[in-house]
Structures are given as structure tokens and as C-alpha cells.
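The values are calculated or read from the model by the stated rules, or taken from the named source; none is laboratory data. Being a predicted model, the structure only gives us computed values, none of them experimental. Note that each Cβ is placed from the backbone with ideal geometry, even for glycine, and that neighbours are counted across all protein chains shown.
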């Protein structure tokens, strides 16, 4: 069944990932408060924000399946945000040397025809290598991952910074868990890959 798909995100990474499924989709940017709530786990934050994004867009997208996603990274139980600057990114990479960082990638789908909602979260464990400071500085200048939580663009040169990546869904780390998304879309009647019409 061909349904209208709307991605509730301004992230070019999520748009590029969704395009891999060869789906026709629109983009509608949600405007929500992305602050974590007191008492919620990092997984709960990722799930709640994914759902809030989808809900914000669903209100203005009739007869569509709206996809929302959010990611929270944590080191020692503390959330790691997007660095925003070279200095902050270097601090993050130095702190993560030889240690595991857990990335929680939330996913929410809303069918605006009947209100059916699906919410899930995929965990990815990333063990970072120990590298000299000068090498980390060089990486940051080459890859400029200042809009990536954890300061490592794994789909690019950032893969050189890690010892291993463990996840049930290889695309989750980049920002949209496609394996889980295909499964959830199927529960809403969208089978992939699409069979030719006629």
C-alpha cells in the first residue's frame, strides 16, 4: 500500500537515511522543547521526544504516516549533547577515550488517519579507541562533527575513532533506525520494498 510519508525532522542525516528506503516522503520540521524531564531515563527521553516530534507534525498532516526520531547519547549515565564548537567536541572525545558510550535512538510513527501510534528505541554501544590529542584535533578539523552528539560522525571519518559498534540496527547510530522503521511501517500496512503497481 502506498501511503503519504512525512518525516518530522530538520536533520539532513535522517532525510538521507529515509531516502535509502526509496520512499517518496515530505519533510515537516517540528518545533518542540527538547529538554529532558526530571526523573526520566535517557531511553525515555529519546522515546518521548521522538513521539512529541511526530505529534507536533501529525496535527497538520492529514492522511499520512508521520515519523519522528530523537537520539540521546550517555556516558556514565550523563547525557552527551551536540558539541556545537571545536573546543567542546575535543572535550567530549577526550572524555570518551577507551570508554563505552550508549546511544539511544528513539522512533515514533503516527498514522494520522486513525491515530495508530508506534514508539520504540534502539540502543547502540560504541567503544572509543584511545588516540593522541593531536590526532583527535586533526579528525575534528577534517570531519567537523559539531552537530553530532558525541562528536563522532560514525558514517564518515569518525569510524576511525571507535573500537567497536554494537547494535541490532546499524543505521540507528546515524540517527534513524531503518531496520526497526521497516518493521513498524509494516504494522501500519506499508510493506518494503514496494512492489510495482499494476
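Okay, here's what the table says:
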read-out: Residue within segment 67-85 that is in contact with a helix residue (DSSP H, G or I) (Cβ under 6 Å, 6 or more places away or on another chain), farther than 30 Å from residue 182 by Cβ and surrounded by 14 or more Cβ atoms within 10 Å (Cβ to Cβ) present; value: yes
read-out: Output for segment 1-47, where each listed residue is assigned to a helix (DSSP H, G or I) and surrounded by 13 or more Cβ atoms within 10 Å (Cβ to Cβ); value: 13, 14, 15, 16, 17, 18, 42, 43, 44, 45, 46, 47
read-out: Strands (runs of 3 or more DSSP E) (entirely within segment 87-195) containing at least 1 residues that are farther than 19 Å from residue 72 by Cα, touching a helix residue (DSSP H, G or I) at 6+ places or on another chain (Cβ under 6 Å) and modelled with pLDDT under 95; value: none
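The rows are residues; the columns are (1) without any contact (Cβ under 8 Å) to a residue 40 or more places away in the chain; (2) surrounded by 15 or more Cβ atoms within 10 Å (Cβ to Cβ).
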{"residue": "134", "(1), (2)": "yes, no"}
{"residue": "146", "(1), (2)": "no, yes"}
{"residue": "149", "(1), (2)": "no, yes"}
{"residue": "152", "(1), (2)": "no, yes"}
{"residue": "159", "(1), (2)": "yes, no"}
{"residue": "162", "(1), (2)": "yes, yes"}
{"residue": "168", "(1), (2)": "no, no"}
{"residue": "173", "(1), (2)": "no, yes"}
